[in-house]
1. Figure the gain on full extension for B:Ala118 and B:Thr103 (residue separation times 0.36 nm, minus the Cα-Cα span) and round it to one decimal in nm.
2. For the stretch A:118-167 and the stretch A:1-39, what is the centre-to-centre distance using only Cα atoms, to the nearest Å?
3. For A:Ala93 and A:Gln11, compute 0.36 nm times the residue count separating them, minus their Cα-Cα distance, and round to one decimal in nm.
4. Mind listing the Cα extents of the stretch B:102-179 along all three principal axes, in Å, largest one first?
5. Net charge within 10 Å of A:Gly29 by Cβ-Cβ distance, Lys/Arg positive one each and Asp/Glu negative one each, not counting A:Gly29 itself?
6. With each pseudo-label sitting 7 Å past Cα toward Cβ, what's the B:Thr54-B:Ala146 distance in nm, one decimal?
7. Given bins 5 angstrom wide, list per bin the percent of all Cα-Cα distances in the stretch B:8-48, short to long.
Protein chains: 2
Amino acid sequence: MLEFAILGLLQESPMHGYELRKELTAKLGAIRAAISYGSLYPTLRRLQAAGWITEAAETPATAEEIPALTSRRGRVVYKITAEGKERFAELIAQTGPESYEDTGFGVHFAFFARTDRATRLRILEGRRRKVEERREGLRDVLGRAAERLDAYTRELQRHGLDACEREVRWLEELIANERSGRTPDGSTPGSDPTNPEKNDPPPPGQSGNESERP
Amino acid sequence: MLEFAILGLLQESPMHGYELRKELTAKLGAIRAAISYGSLYPTLRRLQAAGWITEAAETPATAEEIPALTSRRGRVVYKITAEGKERFAELIAQTGPESYEDTGFGVHFAFFARTDRATRLRILEGRRRKVEERREGLRDVLGRAAERLDAYTRELQRHGLDACEREVRWLEELIANERSGRTPDGSTPGSDPTNPEKNDPPPPGQSGNESERP
DNA sequence: GTGCGATGTATCGGGCCGATACATCGGGCC
DNA sequence: GGCCCGATGTATCGGCCCGATACATCGCAC
């Protein structure tokens, strides 16, 4: 999950750890609290070892004349590699069951702007199915087994059920939008003035029937 | 978290692993998918090592005369100890920041029937504060930094913001109920509705809970 | 001139998960 | 009769991620 998010963010621009965490927190604020450094740094090292990203010690640019009174520990800037971009594309295409889970879905969704429409639809529908199942489970418990639960537990289930129903409706709407070729804010792709390039990618071009990876 | 939930469930009746998982899933269905055995069994062993629970191999009752053609692996029934009950009470009383987090709050809430009212209020208010902070964070991002985000990410934040607002309202209602001495289903527990200060729905100490199964 | 909060990198122990393995039992199906 | 399959059941392993902790610098307010 973190791997996916980091690769996605570094695709936009190189960053150092602290910055990465801030961006991550901003982008994923709706789904998870804040990424821990205890996850971030090991993941960065893992990605580096795999060759998806490279480490580039910050060049002091203007300040090159002042070398070191204090042996300042430079910030470590990470940069995605060509292999990393491939990897990211691969991760986007691979929509397994974990893409429908709370966190997995959220992270995938956060990078929908870099995802082709067919995959977006697959994920949205998979997620909907998942949430519907959860919803049915909660309805069952609230129906058949209600008397076995105390009032507080029942209230918790009710609140959860409500959230499920709400999310299903949200997903339905998003799916309908996708099918009619609209982006979530109602605009039609290509009309986004901020960054036309990363808007809806070329329709499902079979850019790579990438087989299993080695 | 698991420790808390297991102790809470075993307080109602002894159970074996599989059963425990089912009950756990039913009770916590609203907050987490399903507990993995990879968490459950190690936790059981941990609890056992600490002396909070004991293992009682199922006695085959009638079948004691047939020892073993097939060395049938009996189900292992776990039972809470006196120390375990103390531990549980301790965990209920200790409301740290993790009790306000998504999962932590959910688990605590699921055992509100065994929690005294003062603690319930503390947790509900702590949770409200937490969710309000999250809500403000999302509003900030959607306000100040909106142009830095693509339409999908914005939509995700909007949905998250909506969920936050909804949860805050839910919590407000629960808090109001607690203050006026009502249980979530609107019933007034036990006694005098004119004097709500006094009743503490499920008696705070060791509860004589209604569901006792032999 | 000193403390303090933001910026910054990093490690460690431990909880929890998904995948996997193995075994029994009742029932439906051919 | 024979067979598979899904539910019941216990258990381990690798790996992700978190919270706590440590340490260092910078700018600024008091």
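Quick note: the coordinates plus some simple rules give every number you see, no bench work behind them. Fair warning: this is a prediction, and the values are worked out from it, not measured in the lab. Positions of Cβ are generated from backbone atoms using ideal geometry, with glycine treated the same way; all protein chains shown enter the neighbour counts.
1. 3.3 nm
2. 29 Å
3. Working: separation 82, 0.36 × 82 = 29.52 nm, distance 1.64 nm.
Full extension from A:Ala93 to A:Gln11 adds 27.9 nm.
4. Largest first, the stretch B:102-179 extends 47, 20, 14 Å along its Cα principal axes.
5. Numbers: positive: A:Lys27, A:Arg32, B:Arg134; negative: B:Asp140.
Counting the neighbours of A:Gly29, the net charge comes to +2.
6. Going by the 7 Å Cα→Cβ label model, 6.4 nm.
7. Reading upward from the zero bin: 5, 22, 34, 28, 10, 1.
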